[in-house]
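Undergrad: Take a look at this one; I'll ask things after.
Just so you know, all these numbers are worked out from the coordinates, no wet-lab data involved. Note that the structure is predicted; figures quoted are calculated from it, not measured. Neighbour counts are summed over all protein chains in view; Cβ atoms, including those assigned to glycine, are modelled from backbone coordinates with ideal geometry.
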Amino acid sequence: MAKNKEAKCKICRREGVKLFLKGERCNSDKCSFDRKPYSPGLHGREKKRVTEYKIQLREKQKTKAMYGMLERQFSIFYKRADLKKGATGENLLRMLECRLDNVVYRLGFANSRAQARQLINHRHFSVNGKGTDIPSFIVKEGDIIAVKEGSRDAKIFKEIMADENIAARIATPAWLELNKDEMKGKVIRLPEREDLPQDVKENLIVELYSK
C-alpha cells in the first residue's frame, strides 16, 4: 500500500495549520508546528507570493494530508463525488469522513488517523461482524464498527480507551454513536455539512479540479 513518507510535522508547517497528524505529540511541547510556525526549508521565513491557484492548491494539499491520502486516491474520490447528486465539495468531504480509518479515529479508538489505518491493516476491527483490513472502506448508515473481541484486551486499546486526553480531544460527532463499554460504534446517519470539518473550504478544491 502506497503512503506518504514525508515527515508529518513538515506537512503541518508547510500548510500553516496544525493537522494533528501525530496524535498526542501535537498537544505536547515537542510539537514542531508550535516551535517553528513557518514553512520548512531555507526560505521558510520569507514572504511568498499568494495567487488564486496557490490558495486552491494548498487547500487540496491540506485536505489530502489531513485524511492521509496520496494524489491518485484523492482524485479518484473527487471523481466519484462529482458523479453523485448534490454539491461535489460536500459529497467529497462526506465520503472522506465516511472512510473507515476516519470513523475509527472519530470514535476515539485511535490517537490519529495514521494509527487508525495501522490498526485496521492489522485486522483489529470489524464492520457488521466481518473483519476488514481496508482503511478506505466507506461505511454506510446503520453500519456497526467494533474492535474485535480478541483485540479488546490488547495493550494498545487499553491505553487508548483509558487516555482521558484522547477522549477530551476527539469528541464523537453527532452522526456516530459510541458504546465505549463494548468498544463499538454505529453510523446512525450520514454526516451533513454542519458535521463536516469547518476548517476545510471545499469550494476551493472544486475550483482547482474544475480548471
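Undergrad: If I take all pairs of Cα atoms in the stretch 104-159, what percentage of them are more than 14 Å from each other?
TA: Across the stretch 104-159, Cα pairs with separations above 14 Å total 50 percent.
Undergrad: Which of ILE160, PHE74, GLY142 sits closest to the plus end of the dipole of the stretch 61-160, meaning its Cα is farthest towards the positive end, when Lys and Arg get +1 and Asp and Glu get -1 on the C-beta?
TA: Positive-end residue among those listed: PHE74.
Undergrad: Quick check: Cα centre of the stretch 94-161 to Cα centre of the stretch 46-77, how many Å?
TA: 26 Å
Undergrad: If I take every Cα pair under 8 Å that is 6 or more residues apart in the stretch 102-205, average their sequence separation and divide by the length, what percent do I get for the relative contact order?
TA: 27 percent
Undergrad: Under unit Cβ charges (Lys, Arg +1; Asp, Glu -1), what dipole magnitude, rounded to 20 debye, does the stretch 99-190 have relative to its Cα centre?
TA: It comes to approximately 240 debye.
Undergrad: Arrange the following residues from fewest to most other Cβ atoms within 10 Å of their Cβ: ILE120, ILE138.
TA: Placing the least packed residue first, the sequence is ILE138, ILE120.
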